[in-house]
1. If I filter region 57-80 down to residues being more than 23 Å from the chain's Cα centre (by Cα) and of a type in the set (A, V, I, L, M, F, W, C), which single residue comes out as nearest to E105 (Cα to Cα)?
2. Just to be sure I understand, how many residues within region 59-77 are of a type in the set (D, E, K, R) and in contact with a His (Cβ under 8 Å, 6 or more places away or on another chain)?
3. Restricting to region 258-275, count the residues that are in a helix (DSSP H, G or I), surrounded by 16 or more Cβ atoms within 10 Å (Cβ to Cβ) and not hydrophobic (A, V, I, L, M, F, W, C).
4. Mind telling me which of the residues A260, A198 ends up being closer than 28 Å to Q310 by Cβ and among the aliphatic types (A, V, I, L, M)?
5. What tally of residues in region 175-226 results from selecting those that are in contact with a Lys or Arg (Cβ under 9 Å, 6 or more places away or on another chain), crowded, with 24+ Cβ neighbours inside 10 Å and farther than 18 Å from L243 by Cβ?
6. Return yes or no: is D337 at pLDDT 55 or above and closer than 26 Å to Y93 by Cβ?
7. Select from region 276-293 the residues that are surrounded by fewer than 22 Cβ atoms within 10 Å (Cβ to Cβ) and not polar (S, T, N, Q) and write down the one among them that is nearest to E249 (Cα to Cα).
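The values are calculated or read from the model by the stated rules, or taken from the named source; none is laboratory data. Small disclaimer: the values here were computed from a predicted structure and weren't measured. For neighbour counting, all protein chains shown are included, and Cβ atoms are generated from backbone atoms with ideal geometry for every residue, glycine included.
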Amino acid sequence: MSRNSLISLLAALCWLCSVSAEAKRDTQSEHSSNVAELQTKAAQGFVKQELELAAAYFAGRGVPKDLAQAAYWYRKAADQGNPAAQVYLGYLYAAGLGVPQDTAEAIRWYRRAASSNSPLAEVNLAAHYMRGDGVKQDTAEALRLLRSAEEKGYGRADAYLGRASYLGSGVPVDHAAAEAWLKKGVKRHDPEAECFLAEWDAYEPRHVPDVPLEARLLRLSAAAGYVPAIHGLGLLLANHPELPQAKEEATNLLMSSAQAGYWPSSAALGILARDGRLVPKDQSAAYRWLRIAVLQGGSPAETYVHHELQRLARALADPASRDQEAAEWLQSHPDRDLFAFANQMNAKYFPIQEVYAPAVDKEVESQAEEPN
């Protein structure tokens, strides 16, 4: 490269840096201006601005992240009868975010939103009735709520009705009906339906798996941030290197879902490190990942990895140091998310998903299979 060309390139880079810095300042200024307007309108009792201000505090967009302030503004909108705010406030109580965890209070807000025909509230209530969490377990009521949400076109309800039919939760086992429900949910672009249908394709005993189809479904679901799909896609790509995939995509996906608190991904990363597949063979790293899985998953994870952890511990000179590393890693990644967003700024309102799926799900350890 000539000296003049180099000078021109450096000048261009400096210009780009200045433009980027200026754009960043403009964006920050715009956010501050928008937040000031939101605060003015919200203080006057405008529900739309209350919701948006709550979302800003929840995401830390234009203001410091403050879950207590998010809960405050969601409550303001919820008290005015807004069903979306009622669902979000219920979410915060169910998860203990910005308010003390209180399942009864969560259910109270879900019921208020459901009385306004909110399908999201109906699905959340169904989750509680399926699990018997805060209410007496009642699969019939759960299914009634799911069917009501499904009739409103809510694809998540299709996903859960499909899983209920597959497992026989409150209805007879009917795999054909399960497939039909899941396909209906996929047509409605529901990420859980996409993930469940990929699982159905993989595990239905009377069905020849279609691996490329599973990959397409999991990619759609993972793109929406559904953590089990991110894990499932990572595992599928690890087990099927013939599938189109980016360099290190499988391990990056598993890392992403592990960071979201999904212990089967941490266990899978441990197995890959143990065997030297996709990553360098490293027994110390394998032990650390398996310890992280136990810290994330508790008893189910402990049962799954117990013998391998013992074997690796005997082979290491200082397993206590790896235990400390695992604990420190978990402190840096404490979340346990059902949905993880690569860029939360793409979402307008927060939170936007249910706390969890109903208990029609199989135990999560069923997804903790080792890479082949």
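1. Per the criteria, the residue is A78.
2. First pass over region 59-77, keeping only residues of a type in the set (D, E, K, R): 61, 65-66, 75-76.
Filter again for in contact with a His (Cβ under 8 Å, 6 or more places away or on another chain), leaving 61.
Number of matching residues: 1.
3. Quick first cut of region 258-275, residues in a helix (DSSP H, G or I) only: 258-259, 263-275.
Cutting the leftovers down to surrounded by 16 or more Cβ atoms within 10 Å (Cβ to Cβ) gives us 258-259, 263-274.
If we keep only those that are not hydrophobic (A, V, I, L, M, F, W, C) too, we end up with 259, 264-266, 270, 274.
Within region 258-275, residues that are in a helix (DSSP H, G or I), surrounded by 16 or more Cβ atoms within 10 Å (Cβ to Cβ) and not hydrophobic (A, V, I, L, M, F, W, C) number 6.
4. Numbers: A198 fails: closer than 28 Å to Q310 by Cβ.
After applying the criteria, what remains is A260.
5. So the answer is 8.
6. On the way: at pLDDT 55 or above: yes; closer than 26 Å to Y93 by Cβ: yes.
So D337 passes the test.
7. Taking region 276-293 as the starting set, the residues that turn out to be surrounded by fewer than 22 Cβ atoms within 10 Å (Cβ to Cβ) are 276-285.
From the residues that got through so far, the ones that are not polar (S, T, N, Q) too are 276-282, 285.
Values: G276: 16, R277: 13, L278: 10, V279: 12, P280: 15, K281: 18, D282: 20, A285: 19 Å.
Filtering first and then ranking leaves L278.
For (1) small (G, A, S); (2) in contact (Cβ under 8 Å) with a residue 40 or more places away in the chain; (3) touching a Gly at 6+ places or on another chain (Cβ under 7 Å), each residue gets a yes or a no:
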position: V123; (1), (2), (3): no, yes, no
position: A140; (1), (2), (3): yes, no, yes
position: R144; (1), (2), (3): no, no, no
position: K152; (1), (2), (3): no, no, no
